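A short reminder: the numbers here are calculations on the coordinates, not readings from a lab. Everything numeric here is computed off the predicted structure, so don't read it as measured data. Backbone-built Cβ (ideal geometry, glycine too); neighbour counts: all protein chains shown.
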Amino acid sequence: MSKDTVQPIFIMPEGTQRTTGKTAQRNNIMAAKLVAETIRTTLGPKGMDKMLVDSMNDITVTNDGVTILEEMQIEHPAAKMIVEVAKTQEEEIGDGTTTAVVIAGELLRRAEELLDMEVHPTVIVKGYRLDETKAQELLNSMAESITEDDENVLKNIAATALTGKGAESAKEKLADIAIRAVKKVIEKKDSVKFNKDHIKLEKHIGGSVEDSELIEGVVIEKEAVHSGMPKIVENPKIALIDTPIEIKDTEIDAKIEIRDPAQMQAFLQQEENMLKSMVDKIANSGANVVFCQKGIDDLAQHFLSKKGIFAARRVKKSDMEAIARSTGAKIVSTLDELSENELGSAGKVEEVKLGEDEMTFVTGCKNPKSVTILIRGGTEHVVDEAKRALTDAIGDVAAALKYGKVVAGGGAPEIELAKGLRKFADSLSGREQLAVSAFANALEVIPRTLSENAGLDPIDMLTEIKAAHDKGEKWAGIDLFKGTIVDCWNAGVIEPLKIKTQAISSASEVARMILRIDDVIAGGKAPEPQMPPQGMPGMGY
Ligand code: ADP
Ligand code: MG
């Protein structure tokens with residue numbers, strides 16, 4: 001063998017795909033831009049909806065960014081990173097998912113232009129990082145402060161979140177519900193804390209969205225276990241039990257030999273006595289309502305009903321916790337623990353028939369730390385979309401109260417921010433300045449898209465809005481319904497500051513991350529699991 005022959009060297013398994021350098025970068029940018037492009041048309045109150053059909057032929061009609069992206073089952077790795085941005089936004093606030101993704105896409109598009117001008121990716125990354133820090137500072141200083149007493153502002157925030165959504169017809173009602181719900185569960189001890197799980201959204205098909213209501217307590221999809229139990233208990237004493245009200249099965253297989261009928265009788269009597277004593281323990285504590293996370297024996301049901309106790313079984317753990325939070329009851333795991341101290345109180349426990357479903361309402365709780373919103377609507381699609389809209393409104397009101405800072409919408413903050421960032425760019429020099437200006441220009445994508453989606457001329461709108469900001473009108477934005485420039489604060493288009501700060505930080509972070517990648521190594525697919533050769537002769541197994 002000659003010395004010059006070079007043997008090919010394989011350092012990666014067969015089937016691995018690798019793209020490097022500019023190709024990798026361009027591919028990633030392209031994929032990310034495509035994601036943004038897909039949901040761009042849904043932005044704003046005049047945005048369009050999308051109909052998604054999954055593999056089971058289930059249909060979702062929505063304009064909620066994160067829902068669309070989740071249903072799309074995106075596979076490209078860079079595109080997936082963009083989907084993560086939407087998910088983060090959804091986790092942190094619940095609203096602003098489209099905004100975050102659209103900004104991320106535009107940051108990458110502008111970066112691509114710089115790459116074409118031979119600006120090195122690391123320079124762009126550095127510029128974008130400088131920008132992000134400055135943007136957070138500028139946003140914080142432009143925001144207005146609010147408190148819980150600014151009812152009007154809160155109403156506007158909730159209404160802004162609901163505008164253009166499927167549930168818009170009941171906007172006032174839903175806005176009011178969202179605000180009352182958030183105010184009930186938000187905690188204001190040392191710092192303001194909000195846990196969105198403390199507002200339970202219970203969907204119910206039937207009636208109209210207008211019939212949705214806030215229940216100061218908990219609604220569970222359970223009925224009384226026995227038909228003889230009371231349907232309504234006023235001023236209930238509620239016990240929460242997470243152990244079965246049944247005779248335990250033995251752990252090992254045991255055999256009992258019974259020789260005469262009397263023994264059999266005694267044996268059954270013994271069981272009955274045990275169940276009776278369990279029920280007595282409950283009754284002696286003073287409880288007249290029982291929610292049991294496990295099963296309740298038929299006989300025990302009978303005894304409970306004879307004592308006039310309302311009982312529901314196999315209640316979900318999350319519901320048990322919600323009832324505990326709203327009624328002050330403590331969940332007990334042995335009946336011996338149960339005493340008056342563990343019981344919770346409410347105004348009323350009631351079994352209600354809604355359409356086909358039996359539900360139990362625990363209402364009139366004095367100081368509920370957990371509330372339920374019963375969302376109604378004519379069809380499943382309406383109820384689902386109302387739920388998504390309400391999630392946005394709740395998230396926005398909570399974010400406004402938690403951080404105490406809000407901004408106007410309608411493209412106003414983005415333009416004000418772009419103006420500030422351009423000024424900042426002037427203080428820099430060289431190529432970084434290019435990146436900083438690119439970031440500023442990218443923010444204009446929000447008012448531009450809002451106008452496009454409303455059928456307005458984006459160039460006219462941008463020119464006018466920028467002129468207004470140059471005159472110092474910081475909340476000048478677009479009235480998408482009239483096609484004019486207005487003071488969006490006075491027009492009542494208001495959003496929590498956190499939507500904007502979060503959207504910009506996640507968008508900038510993902511753009512920087514994607515720009516830094518110059519090598520994509522995709523491992524070969526894992527081998528398909530082999531089918532057992534059942535009844536398939538001649539398949540070569
Ligand atoms: P996201 O998923 O980002 O929340 P939306 O479809 O809810 O997307 O659109 C939010 C954008 O629409 C924000 O920029 C907001 O300021 C703007 N917007 C909402 N309501 C109005 C309105 N009545 N007039 C003008 N702009 C509005
Ligand atoms: Mg929104």
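Side notes on the structure shown:
- Among LEU268, GLY411, GLY164 - extreme Cα towards positive end, dipole of the chain, charges at beta-carbon: GLY411
- Sorting VAL382, VAL83, VAL6, VAL218 by the number of Cβ atoms found within 10 Å of their own Cβ, with the fewest placed first, yields VAL6, VAL382, VAL83, VAL218.
- With the highest mean first, a sort of the peptides 434-440, 327-333, 47-53 on other beta-carbon atoms found within 10 angstrom per residue produces 434-440, 327-333, 47-53.
- Phi angles of the range 402-412 translate, via the Karplus equation with coefficients 6.51, -1.76, 1.60 and θ = phi - 60°, into HN-Hα couplings of 5, 9, x, 10, 9, 10, 7, x, x, x, 4 Hz per residue; Gly and Pro are given as x.
- In order through the range 443-460: 3J(HN,Hα) via Karplus (6.51 cos²θ - 1.76 cosθ + 1.60), integer Hz, x for Gly, Pro: 5, 5, 4, 5, x, 5, 5, 4, 5, 4, 5, 9, x, 9, 7, x, 5, 4
- Close amide H contacts of VAL332 (hydrogens built in the peptide plane, cut-off under 5 Å, sequence separation of 5 or more or a different chain): LEU240, ILE241, ASP242.
- Annotation for ASP518 and ASP54: the two label points, set 7 Å from Cα along the Cα-Cβ direction, are 4.2 nm apart.
- Rounded to the nearest 20 debye, dipole of the range 238-287 from Cβ charges on Lys, Arg, Asp, Glu: 180
- Volume per residue for the range 1-106 equals 148 cubic angstrom (convex hull of Cα atoms).
- Cα-projected label distance for GLN263 with SER145, points at 7 Å along beta-carbon direction, nm: 8.3
- Computed lengthening from VAL123 to THR5, 0.36 nm per intervening residue step minus Cα-Cα distance: 38.3 nm
- Using a simple spin-label model with pseudo-atoms 7 Å out from Cα toward Cβ, LEU428 and LYS353 lie 6.8 nm apart.
- Working from Cα pairs under 8 Å separated by at least six residues, relative contact order for the range 98-195 is 13 percent.
- Those aspartates and glutamates that a straight Cα-Cα span of less than 16 Å connects to LYS369, excepting residues fewer than 8 apart in one chain: GLU187, ASP197, GLU216, ASP319, GLU321
- The packing ranking, built from the mean of other Cβ atoms within 10 Å per residue, places the peptides 93-106, 170-183 in the order 93-106, 170-183, highest first.
- Rounded to 10°, Cα long-axis angle of helix 171-185 versus longest principal axis of the chain: 70
- Counting only aspartates and glutamates at least 8 places from LYS419 when in the same chain, those with an alpha carbon closer than 13 Å to its own are ASP131, GLU444, ASP470, GLU473.
- The string of couplings for the range 70-86 from the Karplus curve (6.51, -1.76, 1.60, θ = phi - 60°) is 5, 5, 6, 6, 5, 10, 4, x, 6, 4, 5, 5, 5, 4, 4, 4, 4 Hz, one whole number per residue in order, with x for Gly and Pro.
- Cα lying deepest toward the dipole's positive end in the chain, options LEU69, ILE247, LEU354, charges on Cβ: LEU69
- Cβ crowding within 10 Å averaged over residues, with 313-319, 467-473 ranked highest first: 313-319, 467-473
- Across the chain, Cα pairs under 8 Å and at least six residues apart give a relative contact order of 26 percent.
- Remark: relative contact order (the range 326-394) = 25 percent; criterion is Cα-Cα distance under 8 angstrom and separation of 6 or more residues.
- One quarter of the surface of the convex hull around the alpha-carbon atoms of the chain equals 40.7 nm², the direction-averaged projected area.
- Counting only DSSP beta bridges whose two residues both lie in the chain, roughly 70 percent are antiparallel.
- Put a plus charge on the Cβ of each Lys and Arg, a minus charge on the Cβ of each Asp and Glu, and nothing anywhere else: the dipole of the chain about its Cα centre is then about 940 debye.
- Amide proton proximity set for LYS369, modelled H, under 5 Å, gap of 5+: SER326
- Counted over all Cα-Cα pairs of the range 315-462, pairs farther apart than 26 Å make up 58 percent.
- Computed from the C-beta positions of SER277 and THR16, the FRET efficiency with R₀ = 60 Å rounds to 0.30.
- Measuring between alpha carbons in the structure, the pairs from LYS405/LYS474; LYS330/LYS366; LYS189/LYS317; LYS46/LYS200 lying more than 19 angstrom apart are LYS189/LYS317; LYS46/LYS200.
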